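A short worksheet on the structure shown next.
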Amino acid sequence: MSSTTNRRFEGKVAIITGASTGLGPVMAQMMAQEGAKLVLAARRLELVEQAASAIGADVLAVRADVTNEEDVAAMVEAAMSRWGQVDVMMNNAAVPGTDKFIWEQTVDNFLDTYKVDCMAAMLCTREVLNRSMLERRAGSIVNFSSSAGWDGMVRKSHYSAAKGALRILTKTVAREVGEYGIRCNCVVPGAIGTDLMVNYIKRVATEQGKSVEEIEAGIVAPLPLKTFSTPEDVARTALFLASDEARTITGQSINVDAGLVMS
Ligand code: NAD
């Protein structure tokens with residue numbers, strides 16, 4: 001992998017969903033440093049505007065619910081009308097849903113999670129393919145799964161099933177668009193030290209009457225490398241997959257999880 005002093009995204013246009021908190025703004029910052037023009041999208045415009053203003057030029061902030069077809073069309077239109085092309089689609093937006101054992105699971109919780117964590121990647125992928133990538137016969141799509149999507153996770157059937165399905169969506173897209181010179185891959189993080197994980201750990205600690213440190217220790221103990229990944233760790237792999245350095249890699253799910261899953 002190249003260092004971030006490279007300019008792998010010079011002249012390229014990338015869309016990052018879920019760009020208001022956690023991994024999204026970190027990837028945005030790193031891609032901008034490497035020359036990308038960016039559309040940052042999330043539901044809360046003020047947050048995504050903050051992320052965009054921290055970057056500066058060549059970045060558009062867009063309010064979009066990625067489960068809504070019209071919002072997705074407008075998000076891609078923002079990139080097309082400003083720059084005329086989309087080279088990279090980062091399908092990063094996700095929700096954790098509400099923790100429930102399978103015997104408590106509800107249709108709403110299951111489907112609401114599935115819509116953001118899998119279906120939205122289909123919508124965004126379809127839109128960038130139809131508006132730009134197929135015609136230009138170029139592009140790279142990166143999806144963001146979770147180690148829960150390999151082995152399942154207690155009280156997260158909704159999230160695990162959606163994230164597992166996302167890996168299969170990745171392979172199917174890769175098979176369909178390969179002959180157009182377009183790639184589709186998936187990053188599979190384990191625990192990343194973002195607000196999503198911090199809030200999850202706090203909630204579990206409260207539920208179990210344990211300290212945050214005890215819950216963290218329980219997560220880290222089975223990991224060969226005994227550490228959480230940072231957003232930058234995950235972002236580096238995502239940027240590699242998005243870039244031409246990965247030009248012959250497609251349909252892959254790459255774990256960034258301190259060794260949790262060895263597939
Ligand atoms: P995060 O919750 O901080 O960020 C997700 C973003 O998606 C948020 O900005 C949220 O507002 C946005 N979002 C949610 N629903 C949306 C919708 N309908 N439309 C538009 N935006 C929407 O999470 P993160 O920790 O930065 O995670 C980034 C990716 O990595 C996600 O796909 C997540 O599932 C995955 N992941 C994270 C962890 C972790 O430990 N944090 C572990 C495994 C996988």
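Miscellaneous remarks
- Value at 222 nm in deg cm²/dmol, rounded to 500, when DSSP H runs of n ≥ 4 in the chain each add -39,500 (n - 2.57): -13500 deg cm²/dmol
- Reach of K156 by Cα under 15 Å, taken over aspartates and glutamates that are not fewer than 8 positions away in the same chain: D99, E104, D108, D112, D117
- Region 1-130, relative contact order [Cα under 8 Å, separation at least 6], %: 25
- Sorting R8, R175, R131 by solvent-accessible area of protein heavy atoms yields R175, R131, R8, largest first, with a 1.4 Å probe.
- The Cα-based radius of gyration of region 1-103, divided by its Kirkwood radius, gives an Rg/Rh of 1.03.
- When the chain is treated as a Gaussian network with alpha carbon springs shorter than 10 Å, the biggest mean-square fluctuation among V59, V212, V39 belongs to V212.
- 0 to 90° range, to nearest 10: angle between helix 23-33 axis and the chain longest Cα axis: 30
- The chain, accessible surface, carbon-and-sulfur percent (1.4 angstrom probe): 51
- For K115, net neighbour charge (Lys/Arg +1, Asp/Glu -1) across residues whose Cβ lies under 15 Å away: -4
- Estimated FRET transfer efficiency when R0 is 22 angstrom, pair S211-R44 (beta carbons, to 0.05): 0.10
- Aspartates and glutamates whose Cα lies under 13 Å from that of K171, excluding same-chain neighbours fewer than 8 positions away: none
- For region 141-226, projected area of the alpha-carbon convex hull averaged over all directions, nm²: 6.6
- Ordered from longest to shortest, the equivalent ellipsoid semi-axes for the chain are 29, 19, 19 Å, each the square root of 5 times a Cα gyration tensor eigenvalue.
- Principal-axis tilt of helix 157-177 within the chain, Cα atoms, nearest 10 degrees: 30
The values are calculated or read from the model by the stated rules, or taken from the named source; none is laboratory data. What you are looking at is a predicted structure, and each value in this text was computed from that prediction instead of being measured. Positions of Cβ are backbone-derived with ideal geometry, glycine not excepted, and every protein chain shown enters the neighbour counts. Only protein heavy atoms, including side chains, enter the accessible area calculation; ligands, DNA and RNA are left aside. Shrake-Rupley method; radii C 1.70, N 1.55, O 1.52, S 1.80 Å.
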